[in-house]
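Notes to accompany the following structure.
Since every read-out is calculated from the coordinates, none of them should be taken as a lab result. Treat the numbers as computed from the prediction; the structure is a model and nothing was measured. In this analysis, Cβ positions are derived from the backbone assuming ideal geometry, glycine residues included, and neighbour counts consider all displayed protein chains.
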Amino acid sequence: MKVLITGANGFIGRNLQLYLRERKDVEVICCTRDQQQAPLEALLEGVDFVFHLAGINRPQDPAEFTAGNVDFTRALCQAVATATGATGRRIPVLFASSSQAALENAYGKSKRAAEEAIIAAGHDPLVPVHVFRLPNVFGKWCRPNYNSVVATFCHNIARQLPIQVNDAQAPLTLVYIDDVIRRFVELMDGAAQQSDAAGFETVQPQYVTTVGELARQIEAFRDSRSSLVSERVGTGLLRALYATYVSYLPVEDFSYSVPQYADRRGVFVEMLKTPDCGQFSFFTAYPGVTRGGHYHHSKTEKFLVIKGQAVFRFRHMQTGATHELQTCGETPRIVETVPGWTHDITNSGSEELVVMLWANEIFDRARPDTYDCPV
C-alpha cells in the first residue's frame, strides 16, 4: 500500500510516519510545507490512501488560514478527483480537523471550510472520506509553548521552569497520540467507521480533566524522582501522560541518583516506591556477612539473588521449626519471607552478594513491622 501524508513534519505526521514505517507493506510519501507548491497530482501517483494532516494554526497573517487550511485542502480534493477519474481507483482521504471548527474564530472557520471541501469530495464513491474533529492531542514530539498545554507543561516542569495556570478549573478534553494513530491506521486498513452524532469520526478513549489537575499531575511526575514514589502510570490517562512527560526530559536528566546507605555489611539502595504495591530495593553483603535477623507480623518480601551465593534461614516464632535453603545468581529463584517466621540471609560465597528486594509496603519508620530476633 502507498500512502500520502500531508503535514508530514507536524506533530501527528511525525508520529504517523514512525508507525507506518514499522510496516513492511506500506510505502510512505510525505508532503511537507516546503513541498506544497509541488504538483499534487504527481504526489498522488499510485497512492492508495491520503492522510491530510496539513494545516495552519498560528499564522502571522490571518489570511494564511484561508491559504493553508482552505485553499490547499480544495486543491488536494481536486487532485484526488483527477487521480480517481483517470484511474478508476478508490483513494480514501482522512482529514484531521479540530474541535475548534465548531467555533466562530478565524481558525475555526477555516477548518470548517476545509471540512466542507473534504465532505463534498466524499460524494464521489471513489473517494471515501473520514473527518475527525480532534480535541487536544498530546504525546511525544508535540511543540511546547505553542498550542498544546500538555506539551508546554511537560517541557517547562521537566526543566524546572514556571508554568502559568490562568483558570485551574478550566476543562480539558484530551486524546493521546498513540490512540489517534491507532484509529487512523485502522481506517487505512479498512475498519468500519465510528462516527459521532454529527457524523465525525472519533478517537477513543477521550480523557476529561482540568488545567489545574493536569499541572498537579505532571508536577507529581517530577517530584517522584525525589520521593521515589511512582504515580499509577500503568493504565489510562496517567500512562499516556507519564510517557509524554518523560519524552520531554532533557538528555542530561535521562538518569538520576537515589540514596545509598552503607555500613560494614554492604549497601542498601531504595529504587522505587508505589502508592499501594510496596517498594523495590537492592542490597549487597560482603562474604560471610549475615543480614536480616528479624520477623514481621504482616509485611512480606520477595528476594532475588542477582550475583553471588546465599543461604536463607527461617525459624517459626511459635513452634521453633526451622528451614534453610540456598540460592545463587546463576539460577533465578524467588525467596519469600513469611509473617511469623524470623529470617536472615548470609553471603555463603567468596564474592560480593547482590540481592534484589520487593516489599509489599513502603517502609514506615513509625510503624516498621520489623522486629529484631536472631534466627
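Measuring nothing but alpha carbons in the stretch 301-375 and taking Rh as the Kirkwood radius, the Rg to Rh ratio lands at 0.98. Separation of the stretch 1-59 from the stretch 178-223 is 21 Å, based on Cα centroids. Each Cα pair of the stretch 49-199 feeds into the Kirkwood radius, which the Stokes-Einstein equation turns, at 25 °C and 0.890 mPa s, into a diffusion coefficient of 144 µm²/s.
Estimated purely from DSSP H runs of n ≥ 4, each contributing -39500 (n - 2.57), the mean residue ellipticity at 222 nm for the chain is -8000 deg cm²/dmol once divided by its residues. Spread over its residues, the convex hull of the C-alpha atoms of the stretch 2-134 is 97 Å³ per residue. The ranking of D179, D253 from fewest to most other beta carbons within 10 Å of each one's beta carbon is D253, D179. Once C-alpha pairs closer than 8 Å and six or more residues apart are averaged by separation and normalised to the residue number of the stretch 1-124, the relative contact order reads 25 percent. Projected label points at L272 and I362, each 7 Å from Cα along the beta carbon direction, are separated by 1.5 nanometres. For the stretch 67-108, the pair-distance distribution built from all alpha carbon pairs, in bins 10 Å wide starting at 0, is 24, 43, 24, 9 percent. Between A106 and S227, the contour length at 0.36 nm per residue exceeds the alpha carbon distance by 38.9 nm.
Let's test the formula: R0 of 22 Å, r as the Cβ-Cβ distance of V165 and R239. What FRET efficiency results, to the nearest 0.05?
Details: r = 23 Å, r/R0 = 1.06.
In this case the efficiency is close to 0.40.
Please report how far the C-alpha centroid of the stretch 260-330 lies from that of the stretch 72-136, rounded to the nearest whole angstrom. First find each Cα centre; the distance between them is then 63 Å.
Close amide H contacts of E301 (hydrogens built in the peptide plane, cut-off under 5 Å, sequence separation of 5 or more or a different chain): T337. Most tightly packed first, judged by the mean number of other beta-carbon atoms within 10 Å of their residues, the peptides 86-95, 161-170, 194-203 read 86-95, 194-203, 161-170. For the chain, the calculated P(r), taken from all Cα-Cα distances in 20 Å bins from zero up to the bin holding the longest distance, is 23, 38, 25, 14, 1 percent.
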